[in-house]
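Asks: Please see the structure below; I have some questions.
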Amino acid sequence: MNFLFCINNKYCDVIKPVIYSILEHNSGNHCFYFIYADVSDYNQQKIISYTESLGCLAVFRKFDKDIRCLPINGNNWSVEVYFRLFACYLLHDVDKVLYLDGDIICTGGLTELYQMNDILCAVENDDQSACCRLNLPKGQRYYNAGVLMMNLQKMRDLYSEDAILTDLFELKDRLLFQDQDFINVKYGGVIRSVSKVYNYMISVAEVNQNYSKESSPILIHYVMEKPWNVKFPYKTDYPYFKLMWRLGRKMELVKLYILHRLYRIYQLTLVSKEGRKI
């Protein structure tokens, strides 16, 4: 299987648990592709050495287009979110790839998803209000772009690279959720909807009881707060903690766990003082 990540220097260490979790549950010969603009040679070599130690390949492809005028809304995003839009051209020798955000861990087999041959496969967003905001055709759904099963050959056949770049610049003022909005506008009519187990969004699962009933998630997606951050608020951080333990990063894990608990105590102290619930 081929996997794709779009990264910068900040995500080079974060990506390792994702890779490890994929290989824990998916045997075979795998290749991990990385699209980047400013990842240092040192960090590239670290990732290459890590994947090779696990019996897999790592391939880096540089993004060299000037897209600095495109919007970046919020602290959780960077310009790298747009790189996936050009994956089918940068990976011109690859037929299909499973794109994953870097804040995901794998807990099961991905063969069934990978064998799908539609142009794009994705999970529907729980909130469909973006359909109205983007004026999508009646009946079309809005999809989360954190997990994308991409048939690169069919994507190349559908649109040229120049067409994607031109439309991206023309639509930039409408893109509240950057590349995700663009994918829904440009490809929404041909996306195949797949089970939520392939993009189990933690922040949604915590507040939506129906979503939480989804059994046995295969790809857990930490869409808002990240489990490696001290302020991570959800009880469902445990899959990530267990993964870190298996990775042998026990001291880092213990430190993070203690900081999580201390931050929670701090929150409860504020609740007690202010007489309200966080």
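Asks: Could I have the simple spin-label model distance between residue 124 and residue 37, label points 7 Å from Cα toward Cβ, reported in nm to one decimal?
Replies: About 3.4 nm separates the two model spin labels.
Asks: Only bridges whose two residues both fall in region 2-227 count here: according to DSSP, what percent of them are antiparallel, nearest 5? Before the final figure, lay out the partial values.
Replies: On the way: 12 of 30 bridges.
Just about 40 percent of them are antiparallel.
Asks: Restricting attention to the alpha-carbon atoms of region 1-123, what are Rg (one decimal) and Dmax (integer), both in Å?
Replies: My reading of the Cα-based Rg and Dmax gives 14.3, 41 Å.
Asks: If you don't mind, another one. Under a Cβ-only charge scheme (Lys and Arg +1, Asp and Glu -1), can you give me the dipole magnitude of region 2-227 about the Cα centre, in debye to the nearest 20? Intermediate values should be presented prior to the final figure.
Replies: On the way: 21 positive and 28 negative charges, 47 e Å.
Rounded to the nearest 20 debye, it is 220 debye.
Asks: Once fully extended, how much extra length lies between residue 65 and residue 247, figured as 0.36 nm per residue of separation less the alpha-carbon to alpha-carbon distance? The partial results should precede the final answer.
Replies: Details: separation 182, 0.36 × 182 = 65.52 nm, distance 3.63 nm.
So the chain would gain 61.9 nm between residue 65 and residue 247.
Asks: Just to confirm the filter: which trypsin sites (Lys or Arg not before Pro) across region 158-198 are DSSP coil and have at most 15 other Cβ within 10 angstrom of their Cβ? The partial results should precede the final answer.
Replies: On the way: sites: 172, 174, 186, 192, 196; in loops: none.
Qualifying residues, ordered by number: none.
Asks: Could I ask something else about it? Give, rounded to the nearest 20 debye, the magnitude of the charge dipole that region 127-166 has about its Cα centre when Lys and Arg contribute +1 at Cβ and Asp and Glu contribute -1 at Cβ. Intermediate values should be presented prior to the final figure.
Replies: Working: 5 positive and 4 negative charges, 43 e Å.
Dipole size: approximately 200 debye.
Asks: Do any trypsin sites (Lys or Arg not before Pro) in region 56-105 lie in a loop, going by DSSP, with at most 16 other beta-carbon atoms within 10 Å of their beta carbon, and if so which?
Replies: Working: sites: 61, 62, 65, 68, 84, 96; in loops: 65, 68.
Passing sites in region 56-105 are 65, 68.
Asks: In nm, what is the difference between 0.36 nm times the number of residues separating residue 269 and residue 226 and their Cα-Cα distance? Mind showing how you got there, number by number?
Replies: On the way: separation 43, 0.36 × 43 = 15.48 nm, distance 2.27 nm.
Extra length available between residue 269 and residue 226 comes to 13.2 nm.
Asks: For region 129-188, calculate the relative contact order in percent as a whole number, restricting contacts to Cα pairs under 8 Å that are 6 or more residues apart.
Replies: Numbers: 25 pairs, mean separation 29.1, N = 60.
49 percent.
Asks: Strictly over 28 Å apart at the Cα level, which of 62/186; 65/186; 10/250; 46/154 would you flag in this model? It would help to have the intermediate numbers written out before the result.
Replies: Working: 62/186 24 Å; 65/186 20 Å; 10/250 21 Å; 46/154 33 Å.
Beyond 28 Å between Cα atoms: 46/154.
Asks: Which of 221, 92, 30 comes first, and how do the rest follow, when ranked by fewest Cβ neighbours within 10 Å?
Replies: Numbers: 221 24, 92 12, 30 19.
If I rank by nearby Cβ atoms, fewest first, I get 92, 30, 221.
Asks: For residue 192, list long-range residues whose amide hydrogen, built 1.01 Å from N in the peptide plane, is under 5 Å from its own amide hydrogen.
Replies: Under 5 Å from the amide H of residue 192 lie the amide H atoms of 120, 121, 122, each far enough along the sequence or on another chain.
Asks: Please identify which residues in region 113-130 have an amide N closer than 17 Å to a label point set 7 Å out from the Cα of residue 174, following the Cα→Cβ vector.
Replies: 129-130
Asks: Using the C-alpha gyration tensor of region 45-204, what are the square roots of 5 times its eigenvalues, in whole angstrom, with the largest one first? Could you put the intermediate results ahead of the total?
Replies: Working: eigenvalues 119, 79, 55 Å².
That gives 24, 20, 17 Å for the three semi-axes.
Asks: Okay, next question. Using 0.36 nm times the number of residues separating residue 158 and residue 54, minus their current alpha carbon distance, what extension gain do you get?
Replies: Numbers: separation 104, 0.36 × 104 = 37.44 nm, distance 3.56 nm.
Contour length minus Cα-Cα distance gives 33.9 nm.
No value in this document is a laboratory result; all are computed from the given coordinates. All values derive from a computational prediction rather than experimental measurement. Backbone-built Cβ (ideal geometry, glycine too); neighbour counts: all protein chains shown.
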